[in-house]
Amino acid sequence: QKFDLLLDSMQQTIKADIGVNELFNKYAYIVNEIGCSHTYMNIPKAAYDSLLDRKFFFPIPVKLIENRLIVNATNLTLTEGTEIISINQKPVSEILKNIMIYETVEGFHRSTQKKLAAESFALNYFYTYGKAESFDLLVTDTTGKEESIKNIPSTTLGKWYDYKESNIYYYDRTECDYDLYINDKRKYALLRIGTFSFDSGEKQDAFRNFCKNSFELLSYRKDIGSIVIDLRENLGGDLYNSSLLFSFLAREDFKEYHSASSKIDRIKNAEYLDKKFLANGRHSVDERLLKEYYYNNKTNSYLQSDSLIGNWKPDKFAFKGNIYIITNAKVASAASYFSTMVKNSGIGKIIGEETVGGSFSGNAFTALNYILPYSDLQLIFPFGHIVYSYRDKKNTGSGVLPDFD
């Protein structure tokens with residue numbers, strides 16, 4: 001009922017002469033209310049491409065640390081670590097509250113969105129406040145001295161990306177998809193898993209071999225009492241891969257997920273689908289819905305046949321020692337679900353930050369890609385909803401909460 005009222009109210013504000021940016025902001029607000037980390041809006045590709053060369057944007061890469069917006073780049077007039085208090089006379093707390101809507105999360109709104117919004121601050125600030133020729137800042141430097149800085153010139157979006165790539169001060173590395181390190185002195189293993197998405201059969205086989213070889217090796221190292229799995233920056237991927245890794249930690253048999261459902265039995269409004277998706281993705285989604293799902297009167301939705309959900313057993317090389325998972329605000333989808341399984345099965349602890357993904361259920365499977373009429377705005381959302389195995393006892397609308405932060 002709340003969502004219907006929100007849609008009706010928003011519809012009344014949309015007039016024939018509305019601009020694309022204003023319409024995008026209205027839709028972004030609606031999408032944020034849905035509470036799905038896989039559902040989001042994009043501006044038209046032509047508009048985005050044009051912004052790369054337009055000098056409209058806040059020039060300084062930043063990071064949100066303990067609710068403080070920190071300069072996160074070297075070779076600037078402002079030293080890395082300088083705190084930004086206000087921008088163009090607007091308090092940072094107000095700015096972050098306004099720009100967080102562009103970074104959707106699973107469940108209810110939360111501070112995780114502000115951390116994500118800060119990572120793409122230049123673009124998100126532009127979406128909310130429009131173009132600017134310069135910026136006035138109030139800052140506190142690393143010695144605690146407060147200072148007012150006037151007329152910092154804007155930059156292009158392309159140059160902002162380039163500068164961030166070359167001069168960022170703090171970041172979690174993502175060059176390698178996965179890695180194993182054994183600390184012989186302190187007797188622990190560190191497993192770095194940067195993604196659960198592998199776009200070819202060869203890469204998929206390589207990850208499967210990596211998991212098997214790593215845990216077989218650890219089974220012979222009786223002196224290794226703990227394993228740390230670093231998931232920071234892991235945006236997820238295939239549920240199969242998160243279950244595969246979990247099988248090398250599990251103490252009992254488990255289902256890949258508890259159940260799956262969809263509100264549709266075929267893709268609707270196909271005339272608005274992105275042309276590439278229409279050619280390459282529509283048929284496979286419709287075929288899957290037809291073959292795998294059946295209508296359920298009680299839920300007024302289509303349920304996936306339970307026999308199609310994968311069942312797993314603990315691998316013979318499953319690790320039996322202490323397990324710690326490191327997360328940050330970017331951990332999403334299958335990676336967040338993996339964290340849920342480890343935490344709620346009782347076999348390990350979570351260290352770090354609350355995740356983007358939920359701890360009870362989430363939307364999943366193929367993302368439908370629509371191009372909206374007149375505006376060419378892009379709307380992306382998945383067709384399926386899954387309820388997790390080892391989910392929280394109650395759906396609180398939060399991400400996976402760390403045991404230690």
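A few points about this structure:
- Cross-link pairs exceeding 27 Å between alpha carbons, from the set LYS114/LYS349; LYS164/LYS203; LYS212/LYS255; LYS115/LYS203; LYS320/LYS393: LYS164/LYS203; LYS115/LYS203.
- Exposure rank, largest accessible area first [SER148, SER50, SER226; 1.4 Å]: SER148, SER50, SER226
- Calculated SAXS-style log₁₀ I(q)/I(0) at q = 0.18, 0.25 Å⁻¹ - region 37-81, Debye, Cα scatterers: -0.80, -0.88
- Electrostatic dipole magnitude of region 174-261 [Cβ: Lys, Arg +1; Asp, Glu -1; Cα centre; debye, to 20]: 480
- Per principal axis, descending, Cα span of region 236-360 in whole Å: 52, 31, 28
- Sequence-distant contacts, meaning Cα pairs under 8 Å at least 6 residues apart, place the relative contact order of region 139-284 at 19 percent.
- Apportionment of accessible area to carbon and sulfur, region 354-405, percent (1.4 Å): 55
- By accessible area, using a 1.4 Å probe on protein heavy atoms only, region 269-332 has 49% of its surface on carbon and sulfur.
- Reachable aspartates and glutamates, given that their alpha-carbon falls under 13 Å from the alpha-carbon of LYS185 and they are not under 8 places away in the same chain: ASP223
- The share of accessible area on region 40-183 that comes from carbon and sulfur is 48 percent, using a 1.4 angstrom probe.
- Those GluC sites (Glu not before Pro) in region 210-273 that DSSP places in a loop and that have at most 15 other beta carbons within 10 Å: GLU252
- The fraction of all Cα pairs in region 256-315 landing in successive 10 Å bins from 0 to the largest distance is 20, 41, 27, 10, 1, given as whole percents.
- Probe 1.4 Å, protein heavy atoms only - accessible area per residue of region 331-379 in square angstrom: 30
- Per residue, the solvent-accessible area of region 1-106 (1.4 Å probe, heavy atoms of protein chains only, all protein chains present) comes to 54 Å².
- Along the axis of the charge dipole computed for the chain (Cβ charges of +1 for Lys and Arg, -1 for Asp and Glu, origin at the Cα centre), the listed residues LEU7, VAL285, ILE168 are led at the positive end by VAL285.
- Only Lys, Arg (+1) and Asp, Glu (-1) charged, at Cβ; region 314-372 dipole about Cα centre in debye: 200
- Think of the chain as having a plus end and a minus end, set by charges on the Cβ of Lys, Arg, Asp and Glu; of GLY362, LEU52, ILE84, GLY362 sits farthest toward the positive end of this dipole.
- Based on protein heavy atoms only, region 128-168 ends up with 61 Å² per residue of surface accessible to a 1.4 Å probe.
- Inverse of mean 1/r across different Cα pairs in region 133-188, Kirkwood, Å: 15.8
- Counting only protein heavy atoms and using a 1.4 Å probe, the accessible area of ARG208 comes to about 80 Å².
- Rg ratio (alpha-carbon, reference 2.2 N^0.38 Å) - region 291-405: 1.29
- Charge dipole (debye, nearest 20) of region 238-355; +1 at Cβ of Lys and Arg, -1 at Cβ of Asp and Glu: 60
- Projecting the Cα atoms of LEU218, LEU191, ASN75 onto the charge dipole of the chain, computed from C-beta unit charges around the Cα centre, puts LEU218 farthest toward the positive end.
- Whole-Å distance, taken between Cα centres, linking region 263-280 and region 204-261: 34
- Fluctuation leader among LYS255, LYS394, LYS26 - the chain, Gaussian network, Cα springs under 10 angstrom: LYS394
The values are calculated or read from the model by the stated rules, or taken from the named source; none is laboratory data. Remember, it's a predicted structure, so these values are computed and weren't measured experimentally. Methodologically, a virtual Cβ is constructed for each residue, glycine included, from the backbone with ideal geometry; neighbour enumeration extends over all protein chains shown. The protein model used for the area step is the full one, side chains on, heavy atoms only, and it has no ligands, DNA or RNA in it. Shrake-Rupley method; radii C 1.70, N 1.55, O 1.52, S 1.80 Å.
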